[in-house]
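Structure first, commentary second.
Coordinate-derived values only; no laboratory data. None of the values given here were measured: they were computed from a predicted structure.
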Amino acid sequence: MKKRLLTAAAVVILLTSIALTMTSSNKSKKEVSGLTPEQVRWSTPSFYKDGRQRAQLFGDSNKGGVWLDRVKIPSHLSVLAHTHPEDELATVIEGTWYVGSGEKFDSAKLKGYPAGSFVIIPAGVPHFVATKETTAIVQISGAGIFRTDFLEK
């Protein structure tokens, strides 16, 4: 577990360094930029058919490179077992996000991660997610094209 946390910390530091380098090299004038919660633009991608919404905060998860997105997951929602080709680095911003491991959704295997939690789901690891009583907002980041491969229909 300690090794996994150190690896995750190294990945986050690397992603931040790359992002800062890219931001610096793409702007001739250096300036601080940011978004307030009211400025975050939520949308519903065509691949979300269950009420989830996504906000791209940095980069473009559909094109690859370094990116940072938020996903808003309504209460009482389950996402069946799936994998991702890249590591999924997630920080729970709001609510509680439930994650379980396995090739088939099993509510008994869900573990709750409240706001402030950091979750690492390694590339290729079958997992499933859910919310219960409240909506959850999860911030995810990566360095490749984000893709979900469902194991269950």
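Please tell me which of these pairs span more than 25 angstrom C-alpha to C-alpha: Lys72/Lys104; Lys72/Lys111; Lys109/Lys132; Lys29/Lys72?
Lys29/Lys72
What is the range 59-119 by shape, rounded, prolate or oblate, if you read a ≥ b ≥ c off the alpha carbon gyration tensor as root eigenvalues and call it rounded for a/c under 1.5, prolate for a/b larger than b/c, and oblate otherwise?
Oblate is the answer for the range 59-119, as a/c is 1.5 or above yet b/c matches or exceeds a/b.
Suppose a student asked you for the relative contact order of the range 58-143, using Cα pairs under 8 Å spaced at least 6 residues apart; what percent would you report?
Relative contact order here is 45 percent.
Mind jotting down the distance between the C-alpha centroids of the range 31-69 and the range 110-127, whole Å?
19
Just check the range 70-153 against the gyration tensor rule for me: Cα atoms, a ≥ b ≥ c as the square roots of the eigenvalues, rounded for a/c under 1.5, and otherwise prolate or oblate depending on whether a/b exceeds b/c.
Here the range 70-153 falls in the oblate category.
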